[in-house]
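Written out below as structure tokens is the structure these notes cover.
The values are calculated or read from the model by the stated rules, or taken from the named source; none is laboratory data. Source: prediction; values computed, not measured. Cβ atoms come from the backbone with ideal geometry, glycine included; neighbour counts cover every protein chain shown.
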Amino acid sequence: MTKTVKNPNPIQNVMKKILFVCVENAGRSQMAEAFFRKYMPKGFEALSAGTKPSTQVNPIVLQAMKEIGIDIENHTPKHISQQIIGESETAINMGCIDKESCPALFMKDVLDWQIPDPKGKSIEEVRKIRDQIKTKVLILIQSLGENT
């Protein structure tokens, strides 16, 4: 008769969630989630959400990401919840334009990147924002590697 051995530490199998938040979850946090998913180390998962999610991802953001080979067309803005916050290892606030709905107001221990909102910006400006987010994500991933 074979005996099944249960994992003595089931916590080890749980992915560490990195949460990217902004107000509408239609631009910056979507780009950050996509970059993190592309470059993330093993054992991590990326999520993004907003306090007042838009109905769709910003079309200029979709274009800017597609230009560098990352397709986020099927992403949809999501509402932030206490459960998502509670399950996250690290939360990053992308920046706030709407101070009343700023995710940083509802969260403790949040990193604030203060990245400009791409809403209403030209494709050239959105490319700069995209590249800034990519740099920040790569630095974040490097720091996660140093802390594991």
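Things to note:
- Whichever residue in region 124-148 is β-branched (Val, Ile, Thr) and part of a helix (DSSP H, G or I) and, among such residues, is nearest to Leu62 (Cα to Cα): Val126
- Ser101 surrounded by 12 or more Cβ atoms within 10 Å (Cβ to Cβ), touching a strand residue (DSSP E or B) at 6+ places or on another chain (Cβ under 6 Å) and modelled with pLDDT under 95: no
- Cβ pairs under 7 Å, 6+ apart, first in region 65-88 and more than 16 Å from Gly50 (Cα to Cα) and modelled with pLDDT of 95 or more, second of a type in the set (Gly, Ala, Ser) and not in a strand (DSSP E or B): Met65/Ala34; Ile70/Ala34; Ile72/Ala34
- Condition met for Ser29 (surrounded by 18 or more Cβ atoms within 10 Å (Cβ to Cβ) and at pLDDT 95 or above): yes
- Considering Val61, Val21, Val57, the condition of being under 19 Å from Lys121 (Cβ atoms) and either within 12 Å of the chain's Cα centre (by Cα) or not in a loop (DSSP other than H, G, I, E, B) (or both) is satisfied by Val61 alone.
- Within region 26-42, if we keep just the residues that are in contact (Cβ under 8 Å) with a residue 24 or more places away in the chain and farther than 18 Å from Gly69 by Cα, the residue that is farthest from the chain's Cα centre (by Cα) turns out to be Pro41.
- Taking region 76-98 as the range and being closer than 22 Å to Ser122 by Cβ and within 16 Å of the chain's Cα centre (by Cα) as the test, the residues that pass are Pro77, Met94, Gly95, Cys96.
- Exactly one residue among Lys121, Lys108 is outside any helix (DSSP H, G or I) and at pLDDT 85 or above, and that residue is Lys121.
- Test: residue in region 139-148 that is within 21 Å of Lys16 (Cα to Cα), modelled with pLDDT of 95 or more and exposed (fewer than 13 other Cβ atoms within 10 Å of the Cβ): yes
- Close pairs from region 43-57: first more than 11 Å from His79 (Cα to Cα), partner of a type in the set (Gly, Ala, Ser) and at pLDDT 95 or above, Cβ under 6 Å, at least 6 apart: Val57/Ala26
- Among the residues of region 24-54, those that are hydrophobic (A, V, I, L, M, F, W, C), out of contact with any strand residue (DSSP E or B) (no Cβ under 6 Å at 6 or more places or on another chain) and assigned to a helix (DSSP H, G or I) comprise Met31, Ala34, Phe35.
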